[in-house]
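The values are calculated or read from the model by the stated rules, or taken from the named source; none is laboratory data. None of these values were measured; they are calculated from a predicted model. Quick reminder, even Gly has a Cβ in these numbers, built from the backbone with ideal geometry, and neighbours come from all protein chains shown. Quick note on the areas: whole protein, heavy atoms, side chains included, nothing else; ligands and nucleic acids left out. Shrake-Rupley method; radii C 1.70, N 1.55, O 1.52, S 1.80 Å.
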Amino acid sequence: GLADATSTDTLLVAEVFGRSAGFVAQGIGAKVKAVRTLIPEEGSIDLEKLIQSLMDYYRQRSNKGGVVIVSEGIKIAKDFANNAAILEEVFAQNPKARIAFESVAELDQFGHPKLEDAALIIYAVLKLKLKEAGIQVRLAGKLDYLFRSAPISENDIAMCTALGRGAVDYIAAG
């Protein structure tokens, strides 16, 4: 986790739930004090700006450790900004990232695309592009079903209660 990343001067990239909403990623990112949290609500990720923001962040710090949280539903459009050139350079070095980017997702039981390996693509980009700055990047994997099995916290209850009250107030207001 974060202690590993900090003690080894490594930037960890971790993927979390969130096909269409980033609240899980935001919550986890806040808890672990993530350097950056990528969520679907951002629209298409500008890879060049992501790389630059991380380089700027680390330029001011002696410790190169940290965590990037990636929501599984982020958008990486090849035809957005300078993404095509960056992705082609990355794919030439990392065929797994190309396969992850180009593969057709299967559908889950509700008919939604099963989005997988978003973090692998981000990891491949960051590993290649941050190497020159001396920033070591590792893929931490996906935080998934283990976390869904965790006991409910007071924050979970408060958030669900607020959401429910808001929905009732909205309906009552007509």
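Within segment 48-92, can you find the residues that are crowded, with 20+ Cβ neighbours inside 10 Å, in a helix (DSSP H, G or I) and among the β-branched types (V, I, T)?
Answer for segment 48-92, where residues must be crowded, with 20+ Cβ neighbours inside 10 Å, in a helix (DSSP H, G or I) and among the β-branched types (V, I, T): I86, V90.
Quickly run through segment 10-39 and pick out the residues that are part of a strand (DSSP E or B) and either aliphatic (A, V, I, L, M) or in contact with a helix residue (DSSP H, G or I) (Cβ under 6 Å, 6 or more places away or on another chain) (or both). First the steps, then the outcome.
Taking segment 10-39 first, the residues part of a strand (DSSP E or B) are 10-16, 36-38.
Across segment 10-39, the qualifying residues are L11, L12, V13, A14, E15, V16, T37, L38.
In segment 134-157, which residues are modelled with pLDDT of 85 or more, farther than 15 Å from E72 by Cα and open to solvent by less than 90 Å² (accessible area, probe 1.4 Å)?
G134, I135, V137
Among the candidates A100, A30, A3, single out the residue that is open to solvent by less than 60 Å² (accessible area, probe 1.4 Å), modelled with pLDDT under 95 and either over 11 Å from the mean Cα position of the chain (by Cα) or under 17 Å from R138 (Cβ atoms) (or both).
It is A100.
Yes or no: segment 40-47 includes at least one residue that is closer than 22 Å to S153 by Cα, assigned to a loop (DSSP other than H, G, I, E, B) and touching a residue at least 12 places away in the same chain (Cβ under 8 Å).
No, the conditions are met nowhere in segment 40-47.
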